[in-house]
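The structure appears right after this line, and notes come after that.
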Amino acid sequence: MEIKRKVYDKILEWKKTCNGEKALLIEGARRIGKSTVVKEIGKNEYKSYLLVDFNEASKKVLESFDDMHNLDIFFQTLSLEYNVKLYPRETLIIFDEIQRFPKARQAIKYLVADGRFDYIETGSLISIKENVEDITLPSEERKLKMYPVDFEEFMVYMGEEILLDYIRECFNSQKPLEQKSHEKAMHLFKEYMLVGGMPQAVVAFAKNGRDFERADIEKRDILELYRDDIKKAARKYKSRVSAIFENIPAYLSTHEKKIVISDIEKGTVFDQYDEPLFWLDDSMICNLCYKCNDPNVGFALNKNESAVKCYMGDTGLLVSLAFSENELAEQQLYRLIMNDKLSLNKGMLYENVISQMIAAKGKKLYFYTRYNEEKHRNDVEIDFLLSNESKTNFRVFPIEVKSSKNYTATSLGRFKDMFGKKIAKQYIIHPKNLVIENGIIKIPPYMFCVAFD
């Protein structure tokens, strides 16, 4: 495994705590490295492992799932077909791309009860959920969500563990980085923002002399896979899923960044887009961010489902979706962004990457706005809301994302006037070094990766 993934340790925790009593279902978008990490687990943590890829499993293997009452024959078939010796309690059996063969997922109930081996299932999340009409879902599963390579994993892969430790130390002590280190960390962050966290793109970038174009080739292949997945979505709404997906850069380029349904399809109401939005969110291709009407209480209780932003699950994919291959090559877009020369669209990239970091921490995305009737516009706009998740002492962390070095904190000030008693700390994410001013903690975007852990 070229890129060290945090999820590896979470899988090890499952192995130790479940002790064969539950299978592990790893949920995630396409091409984020699920198969790679589970094969490494099998290779490193077991005496043997056997991987059944349902994209190419033989007829004999598929037919073996028809009779789960004679597991000796079942295991014999797998062992012979894949030429792998199975050791009780020391072998991992992996069902890869399990959405292709739901009957295997149903079999988990019997396989776990048998207790001889450990089982991990992987597959594209939305397909897993759609192909279950005719099966009984096993209760003997533990679910684990997996995300693209995050910024910390990217830094480790690029050989910057010492700098990462220094960033964490500075955040914990609330002090700025030494200036040269800050500049280096910002450079790495912008690289990550443009390359993204799809493992193939990260490896292509690093192995070809930090070549953005080589990474872009990999990302465009992945976007085509996503488009193919969308084509396979339920016929009643696939065109609407496609319309939202293709227009994500356009929504995020606007000031409010919200989806405007009337711009997609005239005469429709928001309820008609519930399922398409759910599909994109549940597939983990995108991350939905809902407006919270009243941050005084739990965000989910005041979720406004008709006011939603749609971020890409991976910011590198957003870059490749937003700009054509010619734009990237001819206008030297990567150079402009790396040198802070591109004002247009830079804000959407910064905001998207922060949304990606929040989602990877397992947190739901919420934002807040207040409309001023006199001014006929929003006079408070908070990009993201996080909380301490306490039921007895609920506290809010409002976060604004600034891609420019010159900005105001007017919205945060008004938000504090409205909800001051509920605010724990206020944050601004900006390209400058860490500084605390007027009670606002202003941190560079690379530092957000170590916050809220």
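The values are calculated or read from the model by the stated rules, or taken from the named source; none is laboratory data. All values derive from a computational prediction rather than experimental measurement. Cβ: placed from backbone, ideal geometry, glycine included. Neighbour counts: every protein chain shown. These accessible areas exclude ligands, DNA and RNA; they are computed on the full protein's heavy atoms, side chains included. Shrake-Rupley method; radii C 1.70, N 1.55, O 1.52, S 1.80 Å.
Considering only residues that are within 25 Å of Tyr350 (Cβ to Cβ) and small (Gly, Ala, Ser), which ones fall in the stretch 369-395?
Ser387
So, Asp417, is that one open to solvent by 50 Å² or more (accessible area, probe 1.4 Å), touching a residue at least 40 places away in the same chain (Cβ under 8 Å) and among the acidic types (Asp, Glu) or not? Give the derivation first.
Numbers: open to solvent by 50 Å² or more (accessible area, probe 1.4 Å): yes; touching a residue at least 40 places away in the same chain (Cβ under 8 Å): no; among the acidic types (Asp, Glu): yes.
It is false that Asp417 is open to solvent by 50 Å² or more (accessible area, probe 1.4 Å), touching a residue at least 40 places away in the same chain (Cβ under 8 Å) and among the acidic types (Asp, Glu).
When you check Gln99 against the structure, is it in a helix (DSSP H, G or I), within 30 Å of Arg220 (Cα to Cα) and open to solvent by less than 70 Å² (accessible area, probe 1.4 Å), yes or no?
Details: in a helix (DSSP H, G or I): yes; within 30 Å of Arg220 (Cα to Cα): yes; open to solvent by less than 70 Å² (accessible area, probe 1.4 Å): yes.
The answer is yes for Gln99.
Go through (1) open to solvent by 40 Å² or more (accessible area, probe 1.4 Å); (2) in contact with a strand residue (DSSP E or B) (Cβ under 7 Å, 6 or more places away or on another chain) one by one and return the number of the condition Gly42 breaks.
Gly42 satisfies every listed condition except (1).
Could you say which residue among Phe323, Phe397 is open to solvent by 10 Å² or more (accessible area, probe 1.4 Å) and modelled with pLDDT under 95?
Working: Phe397 fails: modelled with pLDDT under 95.
Every option except Phe323 fails the conditions.
What residue, among those in the stretch 177-205 that are more than 21 Å from the chain's Cα centre (by Cα) and of a type in the set (Gly, Ala, Ser), is nearest to Gly316 (Cα to Cα)?
In the first step, residues of the stretch 177-205 are kept if they are more than 21 Å from the chain's Cα centre (by Cα); the result is 177-187.
Checking which are of a type in the set (Gly, Ala, Ser) leaves us with 181, 185.
Numbers: Ser181: 24, Ala185: 18 Å.
Applying the filter and picking the extreme gives Ala185.
So which residues in the stretch 374-387 are open to solvent by less than 50 Å² (accessible area, probe 1.4 Å) and among the charged types (D, E, K, R), if there are any at all? Can you show your working first?
Looking only at the stretch 374-387, we keep the residues that are open to solvent by less than 50 Å² (accessible area, probe 1.4 Å), and these are 378-387.
Correct list: Asp379, Glu381, Asp383.
Scan the stretch 22-32 for residues that are within 16 Å of the chain's Cα centre (by Cα) and assigned to a strand (DSSP E or B) and jot them down.
Initial filter on the stretch 22-32 (within 16 Å of the chain's Cα centre (by Cα)): 26-32.
Answer for the stretch 22-32, where residues must be within 16 Å of the chain's Cα centre (by Cα) and assigned to a strand (DSSP E or B): Ile26, Glu27, Gly28.
Among the numbered conditions (1) within 24 Å of the chain's Cα centre (by Cα); (2) polar (S, T, N, Q); (3) surrounded by 17 or more Cβ atoms within 10 Å (Cβ to Cβ), tell me where Ser64 comes up short.
Answer for Ser64: the failing condition is (1).
Between a first residue in the stretch 437-451 that is over 15 Å from Thr410 (Cβ atoms) and a second residue that is among the β-branched types (Val, Ile, Thr) and open to solvent by 10 Å² or more (accessible area, probe 1.4 Å), which pairs have beta carbons less than 8 Å apart while being 6 or more apart in sequence or on different chains?
Pro445/Val401
Go through the stretch 67-85 and give me each residue that's more than 35 Å from the chain's Cα centre (by Cα), at pLDDT 95 or above and surrounded by 13 or more Cβ atoms within 10 Å (Cβ to Cβ). If you could, list the steps in order and put the result at the bottom.
Taking the stretch 67-85 as the starting set, the residues that turn out to be more than 35 Å from the chain's Cα centre (by Cα) are 67-77, 79-81, 83, 85.
Subsequent filtering for residues that are at pLDDT 95 or above retains 71-77, 79-81, 83, 85.
Selection gives Leu71, Phe74, Phe75, Gln76, Thr77, Ser79, Glu81.
Of the residues in the stretch 33-72, how many are assigned to a helix (DSSP H, G or I), among the charged types (D, E, K, R) and in contact with a Ser or Thr (Cβ under 8 Å, 6 or more places away or on another chain)?
Step one: filter the stretch 33-72 for residues assigned to a helix (DSSP H, G or I), giving 34-45, 59-64, 71-72.
Adding the requirement that they be among the charged types (D, E, K, R) leaves 34, 39-40, 43, 45, 59-60, 63, 72.
Filter once more, keeping what is in contact with a Ser or Thr (Cβ under 8 Å, 6 or more places away or on another chain): 34, 60.
Of the residues in the stretch 33-72, 2 are assigned to a helix (DSSP H, G or I), among the charged types (D, E, K, R) and in contact with a Ser or Thr (Cβ under 8 Å, 6 or more places away or on another chain).
Can you name the condition, by its number, that Gly298 falls short on among (1) open to solvent by less than 40 Å² (accessible area, probe 1.4 Å); (2) closer than 27 Å to Ile217 by Cα; (3) small (Gly, Ala, Ser)?
Going through (1) open to solvent by less than 40 Å² (accessible area, probe 1.4 Å); (2) closer than 27 Å to Ile217 by Cα; (3) small (Gly, Ala, Ser) one by one, Gly298 breaks only (2).
Could you list, in sequence order, the residues of the stretch 201-260 that are farther than 20 Å from Asp274 by Cβ, without any contact (Cβ under 8 Å) to a residue 12 or more places away in the chain and not in a helix (DSSP H, G or I)?
Asn208, Gly209, Asp211, Thr254, His255
Is there any pair linking a residue in the stretch 1-21 that is assigned to a loop (DSSP other than H, G, I, E, B) to one that is open to solvent by less than 100 Å² (accessible area, probe 1.4 Å) and aliphatic (A, V, I, L, M), with Cβ under 6 Å and at least six apart or on different chains, and which?
Glu2/Val203; Ile3/Val149; Lys4/Val156; Arg5/Val37
Do the conditions hold for Glu160, that is, is it at pLDDT 95 or above and within 25 Å of the chain's Cα centre (by Cα)?
So Glu160 passes the test.
Checking Pro398 against (1) touching a helix residue (DSSP H, G or I) at 6+ places or on another chain (Cβ under 7 Å); (2) assigned to a helix (DSSP H, G or I), which single condition isn't satisfied?
Pro398 satisfies every listed condition except (2).
Report, by residue number, each residue of the stretch 144-191 that is acidic (Asp, Glu), in a helix (DSSP H, G or I) and open to solvent by 60 Å² or more (accessible area, probe 1.4 Å). It would help to see each step written out before you state the result.
If we filter the stretch 144-191 for residues that are acidic (Asp, Glu), which is where we start, we get 150, 152-153, 160-161, 165, 169, 178, 183, 191.
Applying the additional criterion that residues be in a helix (DSSP H, G or I) yields 152-153, 161, 165, 169, 183, 191.
The answer is Glu161, Asp165, Glu169, Glu183.
Which residues, taken from the stretch 45-55, are open to solvent by less than 30 Å² (accessible area, probe 1.4 Å) and polar (S, T, N, Q)? Outline the logic, then answer.
First pass over the stretch 45-55, keeping only residues open to solvent by less than 30 Å² (accessible area, probe 1.4 Å): 46, 48, 50, 52, 54.
Across the stretch 45-55, the qualifying residue is only Ser48.
Considering the stretch 35-50 alone, what residues qualify as being in contact with an Asp or Glu (Cβ under 8 Å, 6 or more places away or on another chain) and under 21 Å from Pro102 (Cα atoms)?
Here is the first cut: in the stretch 35-50, the ones in contact with an Asp or Glu (Cβ under 8 Å, 6 or more places away or on another chain) are 35, 38, 46-48.
Scanning the stretch 35-50 gives Ser35, Val38.
Can you tell me which residue among Tyr371, Tyr334, Tyr350 is of a type in the set (Phe, Trp, Tyr), over 26 Å from the mean Cα position of the chain (by Cα) and either closer than 25 Å to Asn247 by Cβ or open to solvent by less than 20 Å² (accessible area, probe 1.4 Å) (or both)?
Working: Tyr334 fails: over 26 Å from the mean Cα position of the chain (by Cα); Tyr350 fails: over 26 Å from the mean Cα position of the chain (by Cα).
Result: Tyr371 is the single residue among Tyr371, Tyr334, Tyr350 that is of a type in the set (Phe, Trp, Tyr), over 26 Å from the mean Cα position of the chain (by Cα) and either closer than 25 Å to Asn247 by Cβ or open to solvent by less than 20 Å² (accessible area, probe 1.4 Å) (or both).
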